[in-house]
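Just so it is clear, none of the values below were taken in a lab; they were calculated from the coordinates. The model shown is predicted, which means the values in this text are computed figures rather than measured ones. When we count neighbours, we look across all protein chains shown, and the Cβ atoms used for this are built from the backbone with ideal geometry, even at glycine.
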Amino acid sequence: METRIFKTKELSEKTLAAAKKQAELFLAQKKRKPTLAVVLVGDDPASHIYVGKKTETCKANGLDALDFHLTPADGFARLEELVNKLNKRDDVDGILVQSPLPKDWDEEKIQALIHPSKDVDGFHPENVGALSLNTIKVLETGLPSCTPAGVMEILKEGGITLRGKHAVVIGRSNIVGKPMAQMLLSGDATVTICHSKTTDLEATCRRADVLVAAIGKARFVTKAFVKPGAAVIDVGINREMRDGKAKVVGDVDQESVTGVASFLTPVPNGVGPMTIAILIRNTVRAAFNRSA
Ligand code: NAD
């Protein structure tokens, strides 16, 4: 079986180009650019890289990005104060608080504090509820969680149909696994969610026509998990030392599943670029929706 390795460069560029066009339209109509406020707390090197990439992608696509940097010593109340201020600013369309926050800081409280109309990550309870109640509408016009929405675009572009198929998601997090399952369900797949307490994980995964791995364990999914011909989506981002060098690898052992899966997203250059592209799309949508 030949495995199609689906790199997302073209699709993410296409998604960004469409968002850029919309951003230009917004500028022409409203005389300002759609604007994303990005808040970073602390000095986690990976978070710095993510935040840098997000602001850079905004600026390259006709949006403005505002950077805010707090330290753990500033305290949680300062973060709440900042989010409240950003909620009130009319020139801010999207607010993103980069995770992880310092230990003991209440991430859920911050997610719920961000105004739902500016919640470009799609983490606010109102947006999570909307996704559950009317998934297709949120995917088309609302603020869906970025990573699973990016996966849906990959499946569409890759010609992977969902109707009547069995989709298995490994992982039940609020940011990937659960919204992913909702979205696959909205595409008429029969969906199974697996997690760390699932028994017989390999056998369950081997029944999947579409297998989404969002676990956070390097090269965990081998060919023993994959039905011949299945489409495999690798959401994982794991840092591994190989031959003395730090390397980013996914949750899927690409070498092992190549030749078994019919379709596979690589890491890097797979789901990651789509997550950022959807974030930008969400920010432009938030700008239009707020000004409607
Ligand atoms: P998480 O730690 O919140 O959730 C991991 C999930 O995996 C949990 O639900 C857990 O039950 C499950 N799990 C853990 N061990 C398991 C096991 N042995 N068997 C079965 N299930 C198991 O992680 P998350 O935030 O959902 O992220 C998952 C992965 O996706 C991470 O590698 C993360 O870095 C990556 N990620 C990538 C992007 C992207 O843009 N590509 C975005 C978000 C997260």
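Per-structure values
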quantity	calculated
The chain - percent relative contact order, Cα under 8 Å, separation 6 or more	23 percent
Length-normalised contact order for the range 145-272 - Cα pairs under 8 Å, 6+ apart - percent	22 percent
Listed peptides 257-268, 236-247 by packing density, highest first (mean Cβ within 10 Å)	257-268, 236-247
Low-density loop cleavage sites - trypsin sites (Lys or Arg not before Pro) in the range 80-184, where at most 12 other Cβ are within 10 Å (DSSP)	LYS103, ARG163
Positive-end extreme of charge dipole, the chain - chosen from PRO45, VAL267, GLY216 (charges on Cβ)	VAL267
For the chain, with +1 on Lys and Arg beta carbons and -1 on Asp and Glu, the positive-most of ILE175, PHE6, ALA130 along the dipole	PHE6
Neighbour cut-off at most 13 other Cβ (10 Å), DSSP loop, trypsin sites (Lys or Arg not before Pro), the range 261-292	none
Residue among ASP64, ASP91, ASP74 with the largest mean-square fluctuation in a Gaussian network model of the chain, springs linking Cα atoms under 10 Å	ASP74
Most positive-pole-ward Cα, ASN84, GLN98, THR35, against dipole of the range 30-115 from beta carbon charges	THR35
Pairwise centroid distance, computed over Cα atoms, of the range 85-116 with the range 157-185, Å	27 Å
Global form of the range 220-288, assessed from the alpha-carbon gyration tensor, a/c cut-off 1.5	oblate
Potential lengthening between LYS156 and LYS109 on full extension [0.36 nm per residue; Cα-Cα distance subtracted]	13.5 nm
Lysine pair number, Cα distance threshold 16 Å (strictly under), the range 145-272, separation 8 or more or different chains	5
Pairs of alpha carbons in the chain whose separation is greater than 35 Å (percent)	18 percent
Formal net charge of residues neighbouring ILE193 (Cβ-Cβ distance under 12 Å; K, R +1; D, E -1)	+3
Lys, Arg +1 and Asp, Glu -1 on Cβ, resulting dipole of the range 244-292 about Cα centre, debye, nearest 20	380 debye
Qualifying GluC sites (Glu not before Pro) for the range 1-63 [loop in DSSP, other Cβ within 10 Å: at most 11]	GLU2
Net charge dipole size for the range 30-115 [Lys, Arg +1 and Asp, Glu -1 on Cβ; Debye, nearest 20]	540 debye
Value in Å of the Kirkwood radius, where the range 30-115 supplies the Cα pairs that are averaged	13.3 Å
